[in-house]
Amino acid sequence: MKNLNKLAIPVALGILGVAFLHSCSVGIPKGATAVQNFNAKKYLGKWYEIARFDYRFERNMKNVTATYSMKDNGNIKVDNRGYDYVKNKWKESIGEAKFVENENVARLKVSFFKPIWAGYNIIDIDEDYKYALVAGNNLDYLWILSREKTIPVSYRERFLEKAKKLGYQTGNLIWVEQDE
């Protein structure tokens, strides 16, 4: 019995460690490639969320925006904001993003609850930085963003096609209402 007790703590700590590392995944979906020659300064500013999957932390949200700004430490401040139409109130979440490799590769990790980080991979963007397709660390996370409250059909189709080729179930996307 004493031998079992000696094993219980290391096994429990190992399980907790694996769970923690899994929650801090900053990977990129298989087959996806982050934008190269990325210009972080051009990406800063306000983006409207056009489409997303149904995430617990954004459930019942419309008028969702993400505003990115440079912090003094060289990281990026992330200010997510949206209107919860069930609770009839605005919600805001402030986080921080860091580049995984370097500023020229659009692979970032973002945290709203340190020390937990998640992947934020810009996998497609137009040359003027007006429309972006963002993947999380796996096929459960996907966002279509725009500098405007709408997105041209050509970019919408381009992003959906790319996401489908990677294995995303694009039929499950929620098209976010932007009426504010």
Problem - Selected residue (criterion: surrounded by the most Cβ atoms within 10 Å (Cβ to Cβ)) from residues of region 87-107 that are over 18 Å from THR65 (Cα atoms) and either among the β-branched types (Val, Ile, Thr) or touching a strand residue (DSSP E or B) at 6+ places or on another chain (Cβ under 6 Å) (or both) - result: ALA106
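To keep it simple, each residue is scored yes or no on (1) at pLDDT below 95; (2) within 23 Å of LYS149 (Cα to Cα).
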| residue | (1), (2) |
| --- | --- |
| HIS22 | yes, no |
| ILE28 | no, no |
| TRP47 | no, yes |
| LYS62 | no, yes |
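Quick grid of which residues meet (1) within 14 Å of VAL64 (Cβ to Cβ); (2) in a helix (DSSP H, G or I):
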| residue | (1), (2) |
| --- | --- |
| LEU139 | no, no |
| ILE144 | yes, no |
| LYS149 | yes, no |
| ARG156 | no, yes |
| GLU161 | no, yes |
| LYS164 | no, yes |
| TYR168 | no, no |
| GLY171 | no, yes |
| GLN178 | yes, no |
Problem - Top-ranked residue in region 44-69 [being over 14 Å from the mean Cα position of the chain (by Cα) and outside any strand (DSSP E or B); ranked as surrounded by the most Cβ atoms within 10 Å (Cβ to Cβ)] - result: LEU44
Problem - Matching option when the condition is among the hydrophobic types (A, V, I, L, M, F, W, C), at pLDDT below 95 and closer than 21 Å to LEU133 by Cβ, among PHE99, PHE57 - result: PHE57
Practice task
Output yes when any residue across region 104-117 is in a loop (DSSP other than H, G, I, E, B), closer than 22 Å to PHE53 by Cβ and in contact (Cβ under 8 Å) with a residue 12 or more places away in the chain, and no when none is.
Solution key: yes
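The values are calculated or read from the model by the stated rules, or taken from the named source; none is laboratory data. Bear in mind the structure is a predicted one, so any value in this text is a computation, not a measurement. Note that we place each Cβ from the backbone using ideal geometry, even for glycine, and neighbour counts take in every protein chain shown.
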